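**Q** Please read through the structure below; I'll follow up with questions.
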Amino acid sequence: MRVLGLIICCAAAYLLTATPLRSFAIVNAVANAAVVVGSVLVERRSDGDPSRLITAFGHITMGLGGFLLFVWFALPSGG
């Protein structure tokens, strides 16, 4: 699920490069990548699930990435 969120956020950042939402999409993709790396590190070190805060932040960034992807589809030049 983490990799799917990262793919969605990176795709949205790539597709929105020529729009005013470019910087927000890039920041969102970087934040999602940080969540993925952080959750993997926490999982390996503590032998358990990542904290609720990391999981919630991952869901939020993935949701924003999905929203940005749908915005790209709605743009006249996209989709």
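The values are calculated or read from the model by the stated rules, or taken from the named source; none is laboratory data. Fair warning: this is a prediction, and the values are worked out from it, not measured in the lab. For neighbour counting, all protein chains shown are included, and Cβ atoms are generated from backbone atoms with ideal geometry for every residue, glycine included. Each accessible area value is taken on the protein alone, full model and side chains, heavy atoms only, with ligands, DNA and RNA left out. Shrake-Rupley method; radii C 1.70, N 1.55, O 1.52, S 1.80 Å.
**Q** Suppose we filter the stretch 1-43 for residues that are hydroxyl-bearing (Ser, Thr, Tyr), open to solvent by 50 Å² or more (accessible area, probe 1.4 Å) and within 15 Å of the chain's Cα centre (by Cα); how many remain?
**A** 2
**Q** Under the condition of being surrounded by 14 or more Cβ atoms within 10 Å (Cβ to Cβ) and not hydrophobic (A, V, I, L, M, F, W, C), which residue from the stretch 44-58 is farthest from the chain's Cα centre (by Cα)?
**A** Restricting to residues being surrounded by 14 or more Cβ atoms within 10 Å (Cβ to Cβ) and not hydrophobic (A, V, I, L, M, F, W, C), the top hit is 50.
**Q** Starting from residues that are among the hydrophobic types (A, V, I, L, M, F, W, C) and surrounded by fewer than 17 Cβ atoms within 10 Å (Cβ to Cβ), keep the ones in the stretch 59-70 and report whichever is nearest to the chain's Cα centre (by Cα).
**A** Checking each candidate, the answer is 60.
**Q** Follow-up. What number of residues within the stretch 53-79 satisfy the criterion of being of a type in the set (A, V, I, L, M, F, W, C) and touching a Phe, Trp or Tyr at 6+ places or on another chain (Cβ under 9 Å)? So that I can check it myself, show each step before the final result.
**A** The first filter runs over the stretch 53-79 and keeps only residues of a type in the set (A, V, I, L, M, F, W, C), leaving 53-54, 56-57, 60, 62, 64, 67-75.
With the extra rule that they be touching a Phe, Trp or Tyr at 6+ places or on another chain (Cβ under 9 Å), the set shrinks to 64, 68.
Number of matching residues: 2.
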